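S.K.: If you scroll down you'll find the structure; I have some questions about it.
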Amino acid sequence: ITIPDPNNIGPMTTWPPRKPGAIYMGGFRAPKLDKVRVAFVGVGERGSMHVGQMAVIEGAEIVGICDLYEDWAKRSADVVEKKTGKRPPIFTKGPEDYKRMMKEVKPDAVIVCPSWEWHCRVTCDVMKMGAHAFVEVPMAVSIKELWEIVDTSEETRKHCMMMENVNYGREELLYLNMVRQGVIGDLLYGEAAYIHELRGQMKQAERGTGSWRTYHYAKRNGNVYPTHGLGPIAQYMNLARKDDCFGRLVSFSSPALGRAAYAKKNFPADHKWNKLDFACGDMNTSIIKTTMGRTVLVEWDETSPRPYSRLNLIQGTLGTLAGFPTRVAGEKLGNGNYHEWIEGREKLAAIYEKYDHPLWKRIGELATKMGGHGGMDFVMLSRIVECLRNGEPMDQNVYEGASWSSLLPLTARSIAQGGLPVEFPDFTRGDWKTTMPLAVVS
């Protein structure tokens, strides 16, 4: 596993000029597609879940599946055949067989779900070969790779969206709607997290997520997986869009103890995991300062034994919305007591009745039945197909995906410098001021 040096990321206060013939992709609309022909690169844990849902979305057709492992590719092809009666061809002749797939089936869109080290290469290749790219989180693992993805999208005029599914959760959509309606006033502060104990993935030592993700805990010290918590907060605040942008961050990590202890307890002394020097602190805490002066707390911990949380807190001048558990408070919400939350199913029923996002009202019931993290996966994939068919901009543009993913190298640099502030690169090259905030779509 080759992981880019997180400290070798270049200057943050300048950015390369836009290449001749390239265009700014904020608000980009591609020509409408009557039917979206979709191919997959990588059908392990995440990719296979997407296959099962995409197969039944109206207006989409799965036309190709590529994976390193033939049995995984066949498994997904079986799912598509069972659900649709059509069996897509599979491509399993090595790590770059997706190029043969691109030439033979010529898809309109490609879902990119290999290991993180392959995200940039595959994403850029499929755009150059004529398809829109939809890549799993994080978009890439280095600033250099993120710029390459941005430049390729601008040059090819192809959508590139990082598939941040959490932005399509019912609570996140509810809060987006409430923020857009001014329920909590002017936004001041947010809290974003990914707290998820995942040490058990290390048992996938030879194949699966743990076989490659474990190396990231050994070779980088920072926030390894920032986007699930940060994505919704960034959209509430319109970061990298007209209202505001990412400014700088500071980051600190705790000691790295949990992974080594888990390896010692669960694997033989001579196992490869016991030969790693785990550099990544078990708990990472970062603070972002935006261009307009707002602040965001970002936490990450995939090691410690504590319950799952994304925090998902957004605070304004008139109130606060928070997650885990869902609870709200504010002048316009009728509780009148700022020492108590409106929480619990009965008390929140009126909030959902009034502010539930129109998109969730339209397809949330079906999405919940389809599964996938409470329905958010199905809503996300449905919106991708819907936007491509209608010629609409994506809900998440390439610059947002790059900005959210940039915390991997930026937190590492801040930590390496003793917690000094690190500037965010402006992947929009200043054009974020021309991009309208994400609307509350019906």
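The values are calculated or read from the model by the stated rules, or taken from the named source; none is laboratory data. From a predicted model like this one, the values you see are computed outputs, not experimental measurements. Every residue, glycine as well, gets a Cβ built from its backbone with ideal geometry; the counts of neighbours run over all protein chains shown. Areas reflect the complete protein model, heavy atoms only, side chains present, ligands, DNA and RNA absent. Shrake-Rupley method; radii C 1.70, N 1.55, O 1.52, S 1.80 Å.
S.K.: Determine which single condition P226 fails, assuming it passes every other condition in (1) more than 24 Å from G42 (Cβ to Cβ); (2) surrounded by 19 or more Cβ atoms within 10 Å (Cβ to Cβ).
M.R.: (1)
S.K.: Of the conditions (1) farther than 15 Å from A22 by Cα; (2) open to solvent by less than 10 Å² (accessible area, probe 1.4 Å); (3) assigned to a helix (DSSP H, G or I), D125 fails just one. Which one is it?
M.R.: (2)
S.K.: Scan the stretch 383-393 and tell me whether some residue there is open to solvent by 10 Å² or more (accessible area, probe 1.4 Å) and of a type in the set (A, V, I, L, M, F, W, C).
M.R.: Scanning the stretch 383-393 turns up no residue that is open to solvent by 10 Å² or more (accessible area, probe 1.4 Å) and of a type in the set (A, V, I, L, M, F, W, C).
S.K.: Determine, yes or no, whether T434 is in contact with a Phe, Trp or Tyr (Cβ under 8 Å, 6 or more places away or on another chain), farther than 19 Å from I111 by Cα and open to solvent by 40 Å² or more (accessible area, probe 1.4 Å).
M.R.: yes
S.K.: Same structure, new question: State whether the residues of the stretch 179-193 include one that is farther than 30 Å from T285 by Cα, out of contact with any strand residue (DSSP E or B) (no Cβ under 8 Å at 6 or more places or on another chain) and in a loop (DSSP other than H, G, I, E, B).
M.R.: Looking only at the stretch 179-193, we keep the residues that are farther than 30 Å from T285 by Cα, and these are 181.
Next cut, out of contact with any strand residue (DSSP E or B) (no Cβ under 8 Å at 6 or more places or on another chain) only: 181.
Remaining after also requiring in a loop (DSSP other than H, G, I, E, B): 181.
The answer is yes, given that some residue of the stretch 179-193 is farther than 30 Å from T285 by Cα, out of contact with any strand residue (DSSP E or B) (no Cβ under 8 Å at 6 or more places or on another chain) and in a loop (DSSP other than H, G, I, E, B).
S.K.: Does M161 satisfy the condition of being aliphatic (A, V, I, L, M) and in a helix (DSSP H, G or I)? Spell out how you get there, then give the answer.
M.R.: Numbers: aliphatic (A, V, I, L, M): yes; in a helix (DSSP H, G or I): no.
No, not satisfied.
S.K.: Go through the stretch 270-304 and give me each residue that's closer than 17 Å to H196 by Cβ and β-branched (V, I, T).
M.R.: T285, V298, T303 - these are the residues of the stretch 270-304 that are closer than 17 Å to H196 by Cβ and β-branched (V, I, T).
S.K.: If you don't mind, another one. Failed condition for S405, given (1) open to solvent by less than 10 Å² (accessible area, probe 1.4 Å); (2) more than 12 Å from the chain's Cα centre (by Cα); (3) of a type in the set (S, T, N, Q), with all others met?
M.R.: Among (1) open to solvent by less than 10 Å² (accessible area, probe 1.4 Å); (2) more than 12 Å from the chain's Cα centre (by Cα); (3) of a type in the set (S, T, N, Q), the lone unmet condition for S405 is (2).
S.K.: Among the helices (runs of 4 or more DSSP H) confined wholly to the stretch 313-398, which include 3 or more residues that are among the hydrophobic types (A, V, I, L, M, F, W, C) and closer than 30 Å to I23 by Cα?
M.R.: 376-390
S.K.: Let me ask something else. Just one of N165, N221 is within 25 Å of T303 (Cβ to Cβ), at pLDDT 95 or above, in contact with a Pro (Cβ under 9 Å, 6 or more places away or on another chain) and among the polar types (S, T, N, Q); which is it?
M.R.: None of the other options fit; the residue is N221.
Per-residue answers, yes or no, for (1) more than 12 Å from the chain's Cα centre (by Cα); (2) open to solvent by less than 10 Å² (accessible area, probe 1.4 Å):
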{"site": "M129", "(1), (2)": "yes, no"}
{"site": "F134", "(1), (2)": "no, yes"}
{"site": "P138", "(1), (2)": "no, yes"}
{"site": "I143", "(1), (2)": "yes, yes"}
{"site": "E148", "(1), (2)": "yes, no"}
{"site": "K158", "(1), (2)": "yes, no"}
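S.K.: Need the failing condition index for M178 against (1) open to solvent by less than 30 Å² (accessible area, probe 1.4 Å); (2) under 29 Å from T123 (Cα atoms), just the number.
M.R.: (2)
S.K.: Okay, next question. Could you tell me which residue of the stretch 65-74 is surrounded by the most Cβ atoms within 10 Å (Cβ to Cβ), considering only residues that are in a helix (DSSP H, G or I) and under 25 Å from the mean Cα position of the chain (by Cα)?
M.R.: Checking each candidate, the answer is A73.
S.K.: Does the stretch 76-88 include one or more residues that are assigned to a loop (DSSP other than H, G, I, E, B) and surrounded by 14 or more Cβ atoms within 10 Å (Cβ to Cβ)? Write out each step before concluding.
M.R.: Filtering the stretch 76-88 for residues assigned to a loop (DSSP other than H, G, I, E, B) gives 85-88.
Pick out the ones that are also surrounded by 14 or more Cβ atoms within 10 Å (Cβ to Cβ) and you get 87-88.
Yes, that holds for at least one residue.
S.K.: In the stretch 185-223, which residues are in contact with a helix residue (DSSP H, G or I) (Cβ under 6 Å, 6 or more places away or on another chain), open to solvent by less than 50 Å² (accessible area, probe 1.4 Å) and polar (S, T, N, Q)?
M.R.: Q201, T209, T214, N221, N223
S.K.: Right, another one. If you check G200, G190, G208, G169, which single one turns out to be of a type in the set (G, A, S) and more than 21 Å from the chain's Cα centre (by Cα)?
M.R.: So the residue among G200, G190, G208, G169 that is of a type in the set (G, A, S) and more than 21 Å from the chain's Cα centre (by Cα) is G200.
S.K.: Could you tell me whether the stretch 232-253 includes any residue that is touching a strand residue (DSSP E or B) at 6+ places or on another chain (Cβ under 7 Å), part of a helix (DSSP H, G or I), of a type in the set (A, V, I, L, M) and under 29 Å from H357 (Cβ atoms)?
M.R.: Yes: the stretch 232-253 contains one or more residues that are touching a strand residue (DSSP E or B) at 6+ places or on another chain (Cβ under 7 Å), part of a helix (DSSP H, G or I), of a type in the set (A, V, I, L, M) and under 29 Å from H357 (Cβ atoms).
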